[in-house]
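Here's the structure, in structure tokens; my notes come after.
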Amino acid sequence: QVQLVESGGGLVESGGSLRLSCTTSGSIFSSFVMAWYRQAPGKQRELVARITRGGSTNYADSVEGRFTISRDNDKSTAYLQMNTLKPEDTAVYYCAAQPGTFTYWGQGTQVTVSS
């Protein structure tokens with residue numbers, strides 16, 4: 001069983017920054033692909049950023065150049081640094097751990113960007 005605990009969400013003004021953290025327990029973090037998704041009210045959950053075991057990253061076009069995903073295998077933690085936030089970034093952000101084809105999800109953390 002894998003547990004994911006997210007933190008770092010909150011309310012920020014447009015143009016501001018936040019850093020989300022996702023700490024895992026219960027298995028070998030370094031073997032996971034880690035990702036961040038988000039879901040805004042009335043919309044489907046979408047992939048924001050992904051980082052492989054080897055550290056390769058990819059991003060949604062809407063956040064490219066503003067968000068950075070990273071991982072610290074020693075701390076079993078993944079991060080999402082979010083800069084130049086916009087009101088359209090407002091959503092519940094979910095951490096995902098993917099050891100294979102199955103996905104473990106965190107509980108989600110709310111990010112609200114005011115205009």
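The values are calculated or read from the model by the stated rules, or taken from the named source; none is laboratory data. The structure displayed is predicted, hence computed values, not measured ones. Cβ placement follows ideal geometry from the backbone for every residue including glycine, while neighbour counts extend to all protein chains displayed. Ligands, DNA and RNA are excluded from the accessible area calculation, which covers all protein heavy atoms including side chains. Shrake-Rupley method; radii C 1.70, N 1.55, O 1.52, S 1.80 Å.
Using a 1.4 Å probe, what is the accessible area per residue for the chain, in Å²? Mind showing how you got there, number by number?
On the way: 5910 Å² over 115 residues.
Per-residue accessible area for the chain comes out at 51 Å².
At a 1.4 Å probe, what is the % contribution of carbon and sulfur to the accessible area of the chain?
Working: 2720 of 5910 Å².
Roughly 46 percent, rounded to a whole number.
Restricting attention to the alpha-carbon atoms of the chain, what are Rg (one decimal) and Dmax (integer), both in Å?
Cα radius of gyration and Dmax of the chain are 13.3, 40 Å respectively.
Sum up the charges of everything whose Cβ sits under 13 Å from the Cβ of Ser31, counting Lys and Arg as +1 and Asp and Glu as -1, but leave Ser31 out. Write down the numbers at each step before the final one.
Values: positive: Arg53, Arg71; negative: none.
Result for the neighbourhood of Ser31: +2.
Counting other Cβ atoms within 10 Å of each Cβ, which trypsin sites (Lys or Arg not before Pro) in the range 4-112 have at most 11 and sit in a DSSP loop?
Lys43
For the range 24-70, how big is Rg over Rh, using alpha carbon atoms and the Kirkwood form of Rh?
1.03
Which residue fluctuates most in the GNM of the chain (Cα springs below 10 Å): Ala96, Ala35, Ala60?
Ala60
Compute the relative contact order of the range 10-115 as a whole-number percentage, counting only Cα pairs closer than 8 Å that sit 6 or more residues apart in sequence.
After rounding, I find 36 percent.
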